[in-house]
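Take a look at the structure set out below.
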Amino acid sequence: MFCFLLFLPHIAISQTFISLDGFIVAGDDKAPGHWLSPSGDFAFGFCQIENSDSFLLTTWFDKIPEKTIVWHAKGSHPVPTGSRLVVTSGRGLVLNDPKGGFLWSTETVVSRVTHGFFEDSGNFGLKDERNGTAWESFDSPTDTILPGQEIQTNGVVLIAQRSGSDLTGEGRFRLYLQDGTVQLRTVNFPSTYQNEPYYVSDDSNASTNPSKGIGFNSSTGYLYILHQNGEKSPLARGNKVVSSKDYYLRATLEFDGVFIQYSYPKKTSARERKWSAIWSAPDNICITTHVQFGSGICGYNRICKLGVDKRPKCECPRGFSLLNQSDEYTGCIPNFSQGCRVGDPSSSQDEFVLDEVVNINWPTSDYERLQPFGEDDCKDSCLRDCMCAVAIFGGDTCWKKKLPLSNGRYEINPNSKAFVKMRKYGSETQSPGSPSSGSNKDNALIIAGSVLLGSSVFLNFMLMAAVGLGFFLIYQKKLSRIFVDESGLDVNIRCFTYRELEDATNGFKEELGRGSFGIVYRGDIEAGNGSNSRTEVAIKKLDRLFQESEREFKTEVLVIGQTHHKNLVRLLGYCNEGQNRLLVYEYLSNGTLASFLFGNEMKPSWERRVQIALDVGKGLLYLHEECSTQIIHCDIKPQNILLDENYGARISDFGLAKLLLLSQTHTNTAIRGTRGYVAPEWFRNSPITVKVDVYSFGVLLLEIICCRRSVDIEIGGEDKVILADWAYDCYREKMIDALVENDEEALSDFKRLERFVMVAIWCIQEDPSLRPTMKKVMLMLEGIIQVSTPPCPFPFSTISTV
Ligand SMILES: *[C@@H]1O[C@H](CO)[C@@H](O)[C@H](O)[C@H]1NC(C)=O
């Protein structure tokens, strides 16, 4: 079956031919509304705008259920039903309204067009008399690049949409080819002034080898920079090869500024058919952005927080509200007036309080620096100063900031605090400067705008606060929850100095084990409850692979620190000092599941093994579906499962794989070249999803059932070497009892034994889409839902036992 795929004949590039005068009509039952590429993958034509009678001239992926538009005619606007697009000899494509009035054309056409063509790559073009290309859609991209596309330009390449739904509005985010690098920048509307880039591709080649274009290789799936000497350097270094043979691919500059390369499985039988990101830039858009003139990513007075998907999530600080509820990026305004009054510069101090937040920063917008200065003085100074909106205090320095605040971001920084000024609850309505209730809302909005532009008159603005009071109360509740979570970090996870951990481990003396990410040492730290008692901990010294990624490390530690589940090993603290990255975990007394299962002459009891399997399943289910940030473990194996004093199983090392995905994947898979715990998609060019853990869980489950390793060359009989193969053979031959040998306890619980084996076989299906989710796995293990007969897990592989 596998070979069959390899011998498929090479498919030549073919085109759909569209003759002169060929036309399509928007929203007409009797005339075609679009043309299809030969394979039917792409459509070019009129696409109806949701909830409207208007259409846009676009290119889209036609075989994908969710509409994915990859191109639209620049400068064209939504057109009414009955509009008509025709291939003409003199003006190329011409778009007319239903009455024949001119709307749009491919103006660049100079020679006489003979016909139109539509390629399987998604490129629509026009040929001229000399068989040259008179125009092609690939030459005028919008926000997306497709495989096979090569854009030769310097300057703007892609322009993001204004929002996720508005196709025609141009957004602030742009992708440039500039100085030999690919750069992402915002522009300041309505001008095209470019702010400092928030992403610049590797420029090691840039000075010696100027660039002339950017392209997308369809066989490797790499984006590349085309240099003037014809060389190509990959843009997305280190990402996996995902060929457009098996996947639909695109790279889109999203409306929120992140440039993402996506894949979508072509196989219709794949269960998880959705666009998944295989590469994106920048790594942390919130932190890499630092513009001098402009708001940053999220808008003024906002906070940019990175989501798991590496997309920015924008929030208003407490006491602030969105300026325009229907546009996320308009920025936030305070729900109160600043309190500066003529002749009364500090009268307002008892009307305000400072809201202390951690890990929030606005690195620009400073107007005063006080140093050396104490924390209380800093707060006092801001409170007394009617110009001060925020004070940031760290070390011995106090930064006072004014509105509007720009470049707001969430960033972990245990050494500084932000104090956001807000009005004491209720004091606003008693303030003597209250406006009459006669002023209207528009008025308030205009004033709000002018305040943001630097005016200090802010009094009439109050009405808005009154109008929005209901909203404000709800919002404030929500925000306080967010901030409590964030500040909780400091309470839950401790930041250690290297020295402290050196002391705790007695100079890293007692080694507990060596894992895939580093060496684990035994140590003890102060219990932290005020007493002198000490708690035993396991301290993992991560090896040098982590050294390059200080920021990611912090992000990951935060994610790990937010997970709380009884089947996960608790992270107590970390150290991130110079070249040293260490993680401090709770110490578990009963060692690893590996030594428990394989280390004894006697098999552990069946009942206990069942419990362990359920525990690991629950921990994984939590990581995949229940914690606030989805975590793919990527390295589930008995060495990474620890047992507490009651033999409760807990997963360790979760959250670390993400840091290593780019750098270590290949070494890992090379080392474990046999079918061990590693899902087959690691060896292929498929995206890595939670299903890799389901696979490993299946292998682990078999090991727990059989009390033997997944690969054991010393075991008698060649057909038994690979546990997964042997288990499936036994299941197929109805000899499940052979799997547990003489385990009376397991045999007396035969129904459950059989169920567990069947679930394991479902989990190790070579096709990830056939594997159940962990939720379903748990329901099946617990006998809540029926387990159907699993198919052969390895239909594509040559089975080793021939
Ligand atoms: C795409 O990559 C392959 C493999 O590196 C190479 O042979 C081919 O020439 C590339 N195609 C383009 C258009 O760059």
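Filtering 385, 350, 327 for residues that are surrounded by 14 or more Cβ atoms within 10 Å (Cβ to Cβ) and out of contact with any Leu (no Cβ under 7 Å at 6 or more places or on another chain) leaves a single hit, 385. Scanning the stretch 241-260 finds one or more residues that are buried (at least 19 other Cβ atoms within 10 Å of the Cβ), polar (S, T, N, Q) and within 15 Å of the ligand (Cβ to nearest atom). Can residue 187 be described as within 26 Å of residue 116 (Cβ to Cβ) and among the hydrophobic types (A, V, I, L, M, F, W, C)? Against the criterion (within 26 Å of residue 116 (Cβ to Cβ) and among the hydrophobic types (A, V, I, L, M, F, W, C)), residue 187 does not qualify.
Within the stretch 718-760, the set of residues being surrounded by 15 or more Cβ atoms within 10 Å (Cβ to Cβ) and hydroxyl-bearing (Ser, Thr, Tyr) comprises 728, 731. For the stretch 262-269, does any single residue satisfy the condition of being on the phi > 0 side of the Ramachandran plot and touching a helix residue (DSSP H, G or I) at 6+ places or on another chain (Cβ under 8 Å)? The answer is no, given that none of the residues of the stretch 262-269 is on the phi > 0 side of the Ramachandran plot and touching a helix residue (DSSP H, G or I) at 6+ places or on another chain (Cβ under 8 Å). Only one entry of 45, 40 meets the criterion of being more than 16 Å from the ligand (Cβ to nearest atom), touching a residue at least 40 places away in the same chain (Cβ under 8 Å) and on the phi > 0 side of the Ramachandran plot, and that entry is 45.
For the stretch 735-789, which positions are touching a residue at least 40 places away in the same chain (Cβ under 8 Å), more than 30 Å from the chain's Cα centre (by Cα) and more than 19 Å from residue 611 (Cβ to Cβ)? Passing the criteria: only 761. The set of residues in the stretch 187-240 that are small (Gly, Ala, Ser), within 14 Å of the ligand (Cβ to nearest atom) and in a loop (DSSP other than H, G, I, E, B) comprises 218, 219, 221, 230, 236. Taking the stretch 603-644 as the range and being out of contact with any Leu (no Cβ under 6 Å at 6 or more places or on another chain), among the β-branched types (Val, Ile, Thr) and outside any loop (DSSP other than H, G, I, E, B) as the test, the residues that pass are 610, 612, 616. Here is a list of conditions, (1) at pLDDT 90 or above; (2) more than 29 Å from residue 306 (Cβ to Cβ), and residue 218 meets all of them except one; can you say which number that is? Among (1) at pLDDT 90 or above; (2) more than 29 Å from residue 306 (Cβ to Cβ), residue 218 violates only (1). Scanning the stretch 288-304 for any residue that is assigned to a loop (DSSP other than H, G, I, E, B), crowded, with 24+ Cβ neighbours inside 10 Å and basic (Lys, Arg) turns up at least one such residue. Of all the criteria given as (1) under 30 Å from residue 749 (Cβ atoms); (2) modelled with pLDDT under 70; (3) in a helix (DSSP H, G or I), the one not satisfied by residue 675 is (3).
Taking into account only those residues within the stretch 118-158 that are on the phi > 0 side of the Ramachandran plot and buried (at least 18 other Cβ atoms within 10 Å of the Cβ), which is farthest from the ligand (Cβ to nearest atom)? In this case the residue turns out to be 122.
In the stretch 5-75, counting only strands (runs of 3 or more DSSP E) that sit wholly within it, the ones holding 1 or more residues that are at pLDDT below 95 and crowded, with 18+ Cβ neighbours inside 10 Å span 15-19, 42-48, 54-61, 68-72. For residue 557, the conditions (1) surrounded by fewer than 16 Cβ atoms within 10 Å (Cβ to Cβ); (2) modelled with pLDDT under 85 all hold with the exception of (1).
With the structure loaded, tell me whether residue 295 is among the hydroxyl-bearing types (Ser, Thr, Tyr), more than 27 Å from residue 59 (Cα to Cα) and within 16 Å of the ligand (Cβ to nearest atom) or whether it fails that test.
no
Scan the stretch 87-103 and tell me whether some residue there is within 16 Å of the ligand (Cβ to nearest atom), out of contact with any Phe, Trp or Tyr (no Cβ under 9 Å at 6 or more places or on another chain), assigned to a strand (DSSP E or B) and modelled with pLDDT under 95. No, the conditions are met nowhere in the stretch 87-103.
I'd like to know if the stretch 135-157 contains one or more residues that are touching a residue at least 60 places away in the same chain (Cβ under 8 Å), closer than 30 Å to residue 219 by Cβ and in contact with a His (Cβ under 8 Å, 6 or more places away or on another chain). Looking for residues that are touching a residue at least 60 places away in the same chain (Cβ under 8 Å), closer than 30 Å to residue 219 by Cβ and in contact with a His (Cβ under 8 Å, 6 or more places away or on another chain), one finds at least one in the stretch 135-157, hence yes.
If you go through the stretch 172-186 and keep only what is at pLDDT below 90 and either part of a strand (DSSP E or B) or within 12 Å of the ligand (Cβ to nearest atom) (or both), you end up with 178, 181.
Could you check, for the stretch 320-334, whether at least one of its residues is among the aromatic types (Phe, Trp, Tyr), part of a loop (DSSP other than H, G, I, E, B) and modelled with pLDDT of 85 or more?
no
Those residues that are among the aromatic types (Phe, Trp, Tyr) and free of Cβ contacts under 8 Å to residues at least 24 places away in the same chain, I need them from the stretch 48-98; list them, please. Within the stretch 48-98, 60 is the sole residue that qualifies.
The values are calculated or read from the model by the stated rules, or taken from the named source; none is laboratory data. Keep in mind it's a predicted model, so treat the numbers as computed, not measured. In this analysis, Cβ positions are derived from the backbone assuming ideal geometry, glycine residues included, and neighbour counts consider all displayed protein chains.
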